[in-house]
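The values are calculated or read from the model by the stated rules, or taken from the named source; none is laboratory data. Quick caveat, the model's predicted, so the values are computed rather than measured. Please note: Cβ atoms are built from the backbone with ideal geometry, for glycine as well, and neighbour counts cover all protein chains shown.
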Amino acid sequence: MTPHPPLSEHYSGNDQKSAFVKQLFDAGSKHYDSVSNWGFLHSGSLYCRWTLGRHGLHKGDQVLDVACGTGQVAVEAAKIVGSAEAITCLDPSEGMLSVAKKKLGARFVVGRAEHLPFPGNSFDFLTMGYALRHVTGLEEAFREYLRVLKPGGRILILEITKPSGRVGAFFFKLYFGRIYPYLTRVFTRSREAQAMMIYFWETMDASVRPELVLAALRLVGFSEVKRIGMLGLFSEYAAVKPHEP
């Protein structure tokens, strides 16, 4: 199952999607933090740290942050686990990783969610912040997540979800589809940053509904699968790798 249908105006099929997304975020990486911070009223770090704690991240855990981007989730995770050395950050975009490397002394790896370059049973906790829409296959990525987690290990996937109601969907489109990309261009004077935010909206608009994400997590073998919605906008997908019998 794909997280959304191919966006033909950008690429012709999923075999080209990864290359397109990598180029997009490489080009816009230097603007990503400033754009996301003002776009979400500088609430991202506090919300992220609070959410990680609520979902069971503990001091001493070994953490894999998939599609880490500029390290926004990893920075908050390091504050909880007690050391950036316990964090492994993975992303296909060297541009995004170059920004993240300036923030914390974690381990950085170039790679994709669908092909994690790590042995099985390696991590206590796996995070993915607002990037699930960019994988090429949900089950493919989730099987990799299950493989690299230790038995009893947890995942937490943060995502933005389009409201199902007509009024909420209207204002969602108004802000993310029009206002946010426009202001990004005004403030950054960067076509690349604007293109990144336009694609941000397009993938949210086309994404599968939460129940299909939950079904994919259960299908590959995760247990205690759940979604917590926040403010009608944010989704927290959480699950546990079962202990071996």
- request: Taking only region 60-80 into account, find how many residues are over 20 Å from MET96 (Cα atoms) and in contact with a Leu (Cβ under 7 Å, 6 or more places away or on another chain).
  value: 1
task: Filter region 153-173 down to the residues that are surrounded by 22 or more Cβ atoms within 10 Å (Cβ to Cβ) and among the hydrophobic types (A, V, I, L, M, F, W, C), then identify the one that is farthest from GLY232 (Cα to Cα).
output: ILE155
task: Of the conditions (1) touching an Asp or Glu at 6+ places or on another chain (Cβ under 7 Å); (2) under 26 Å from ILE228 (Cβ atoms); (3) in a helix (DSSP H, G or I); (4) hydrophobic (A, V, I, L, M, F, W, C), ILE80 clears all except one; give me its number.
output: (1)
query: Of the residues GLY177, GLY137, which single one is closer than 21 Å to VAL21 by Cβ, among the small types (Gly, Ala, Ser) and not assigned by TED's automatic domain parsing to the domain that holds GLY232?
result: GLY177
task: Determine whether region 162-185 contains at least one residue that is within 21 Å of CYS48 (Cα to Cα), modelled with pLDDT under 95 and not in a helix (DSSP H, G or I).
output: yes
message: Just to be sure before I move on: is ASP61 closer than 21 Å to LEU146 by Cβ, in contact (Cβ under 8 Å) with a residue 24 or more places away in the chain and more than 18 Å from the chain's Cα centre (by Cα) in the structure I sent?
response: yes
query: Is region 49-64 home to any residue that is more than 25 Å from ASN121 (Cα to Cα) and either crowded, with 16+ Cβ neighbours inside 10 Å or outside the structural domain of THR127 (by TED's automatic domain parsing) (or both)?
result: no
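Conditions (1) touching a strand residue (DSSP E or B) at 6+ places or on another chain (Cβ under 6 Å); (2) crowded, with 19+ Cβ neighbours inside 10 Å, marked per residue:
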site: SER34; (1), (2): no, no
site: LEU46; (1), (2): no, no
site: LEU90; (1), (2): yes, yes
site: GLY111; (1), (2): yes, no
- prompt: Does GLY69 fit the bill of being farther than 27 Å from VAL148 by Cβ, in the same structural domain as VAL135 (by TED's automatic domain parsing) and in contact (Cβ under 8 Å) with a residue 60 or more places away in the chain?
  reply: no
- request: Return a yes/no flag: does region 121-131 have any residue that is among the β-branched types (Val, Ile, Thr) and either in contact with a strand residue (DSSP E or B) (Cβ under 6 Å, 6 or more places away or on another chain) or not in a strand (DSSP E or B) (or both).
  value: yes
